[in-house]
Number of protein chains: 2
Amino acid sequence: MPVKVEIIGLEGFPEIKKGDDIGDLIVSIAEKNGVGIEDGDIIVVKSKIVSKAEGRIVNLNKVNPSPDAMRLAEITGKDPRLVEVILWETIEVVKATRRHLIVKNKQGMVCANAGVDRSNVAGRSDIVILLPEDPDESARKIVEKIRELTGKKVAVIITDTYGRPLRNGQVDMAIGLYGIKPFKDYRGKLDLKGYRLRVKRIAMADALAATSELVTVNGSEGIPVAIIRGLNYEEGEGKASELNMPEDRWLFK
Amino acid sequence: MPVKVEIIGLEGFPEIKKGDDIGDLIVSIAEKNGVGIEDGDIIVVKSKIVSKAEGRIVNLNKVNPSPDAMRLAEITGKDPRLVEVILWETIEVVKATRRHLIVKNKQGMVCANAGVDRSNVAGRSDIVILLPEDPDESARKIVEKIRELTGKKVAVIITDTYGRPLRNGQVDMAIGLYGIKPFKDYRGKLDLKGYRLRVKRIAMADALAATSELVTVNGSEGIPVAIIRGLNYEEGEGKASELNMPEDRWLFK
């Protein structure tokens, strides 16, 4: 018997506005799509719709860049107001080059521009969108709303799209989660022949984020939510920030 | 109408021996699993079974470490014979630390140990397994064998499991492919509102590799092949090595 897992991309999301309830929308749109919500579903949500619902939008015309922002804008060639907003979201500037501003963001993730995104916001180029304030908490709220509305127990992963060091092209990664562990852990386990497994700890939340791209990938808001159904996953506590490698283990600096 | 994609993990692969035909096995095992092969299937194959079929196995007892291997073994704390085999597969040593030997391998991928794996080989700790010599070519042979046996047109991706800079946990990445482009390219395209898309180029082959983990992940040979069915993907020419970022674009060294 083969193992089967299904990836379902939900069609028909409206443009999200501040105050919209994402859990509520997922339930009603899953219903309209004829797939509903089932126990054990993993629901993968693009961070952009969560940010919009949480009002994480800034008008650059109201931003006064600090001296630090001015200096980094000079180095990177970026809009100083945009750099100022990026710094709001930043713990530490990791690398500033002519085209790139790589920072450690408030969730501890090393990424370009702290995930602050200028495109795709209501047709205005002076509007930028920030990542959710606390993506694990955003995921928890969606899980609980779905539980409240349907009685079903699900897990939620919130994703954003990132470039990667050493590897071309972008992939989605997990920036928030609830109801599922970030890793599938094999440390200390042996294979069928009694050997220590080479695979130690699979970044399962990132694998699920990448999986969702098969149905959500289009850079637009066409399909911002995927349901992954039929996977026998490890429930449990965890934070997406566990996926961030601590600085003392970086081999590349 | 939702978009649906299915991930099917094929059960019942035997232990692979040198000379086995992987394309042949996939067809017969897909049949036994009751799912067969369909036009448009993307078949994701763990490199380990390809390596074994191609006889890419080395007995360390027959390896004489070179002075370079001795020196790197001293730095990394690894078996000098293992380091010697790693150097066979290496274009350039990128980083050698107390525990890690990071190299650019013959396919141009920066990874630990050039993908040479000591675990999981027939119960013997002096046996190591190397990556397929030319994984794109291995993928091509599997595609053509499946075409020959079933008349179906499929794509094949060959994967291996890797750690990532800056991010905890391992994921599968594409090291060989045929019949599918490595990227889904949005460069120069605009979103619904006329804005340049932030997402430029999705590493689709890596996303598919990560997707396969949902059914193959276990570090053993339990399920070495996943069929991804129902995805509307871009056929075409390409090489997995296009996923490797050229050194002049590395931000972290």
Would you mind telling me which numbered condition in (1) touching a helix residue (DSSP H, G or I) at 6+ places or on another chain (Cβ under 8 Å); (2) more than 17 Å from residue A:163 (Cα to Cα) residue A:96 fails?
(2)
Test result for residue A:117, modelled with pLDDT under 90 and out of contact with any strand residue (DSSP E or B) (no Cβ under 8 Å at 6 or more places or on another chain)
no
Looking at the structure I just gave you, is residue B:155 over 23 Å from residue B:55 (Cβ atoms), modelled with pLDDT of 95 or more and small (Gly, Ala, Ser)?
yes
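Okay, residues lined up against (1) of a type in the set (A, V, I, L, M); (2) closer than 30 Å to residue A:227 by Cα; (3) in contact with a Ser or Thr (Cβ under 9 Å, 6 or more places away or on another chain); (4) crowded, with 20+ Cβ neighbours inside 10 Å:
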{"residue": "A:68", "(1), (2), (3), (4)": "no, no, no, no"}
{"residue": "A:71", "(1), (2), (3), (4)": "no, no, no, no"}
{"residue": "A:98", "(1), (2), (3), (4)": "no, no, yes, no"}
{"residue": "A:109", "(1), (2), (3), (4)": "yes, yes, yes, yes"}
{"residue": "A:116", "(1), (2), (3), (4)": "yes, yes, no, yes"}
Which residue pairs have Cβ atoms closer than 6 Å, lie 6 or more positions apart in sequence or on different chains, and pair a first residue in the range A:148-160 that is closer than 16 Å to residue A:229 by Cα with a second residue that is of a type outside the set (Phe, Trp, Tyr) and part of a strand (DSSP E or B)?
A:154/A:43; A:155/A:42; A:156/A:43; A:157/A:44; A:157/A:174; A:157/A:177
Of B:54, B:11, which residue is among the acidic types (Asp, Glu) and modelled with pLDDT of 95 or more?
B:54
Looking for something more than 14 Å from chain B (Cβ to nearest Cβ), under 30 Å from residue A:87 (Cβ atoms) and surrounded by fewer than 20 Cβ atoms within 10 Å (Cβ to Cβ) - is there at least one such residue anywhere in the range A:19-35?
yes
I'd like the residue in the range B:173-191 that is at pLDDT below 95 and more than 7 Å from chain A (Cβ to nearest Cβ) and, out of all such residues, is nearest to residue A:213 (Cα to Cα).
B:185
Taking the range B:36-48, which residues are surrounded by 18 or more Cβ atoms within 10 Å (Cβ to Cβ) and either over 16 Å from residue B:7 (Cβ atoms) or of a type outside the set (D, E, K, R) (or both)?
B:37, B:42, B:43, B:44, B:45, B:47, B:48
Does any residue of the range A:49-59 turn out to be over 28 Å from residue A:247 (Cβ atoms), within 14 Å of another protein chain (Cβ to nearest Cβ) and surrounded by 22 or more Cβ atoms within 10 Å (Cβ to Cβ)?
yes
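The values are calculated or read from the model by the stated rules, or taken from the named source; none is laboratory data. Remember, predicted model here, so these are calculated numbers, not experimental data. Glycine gets a Cβ as well: all are built from the backbone with ideal geometry, and neighbour counts include every protein chain shown.
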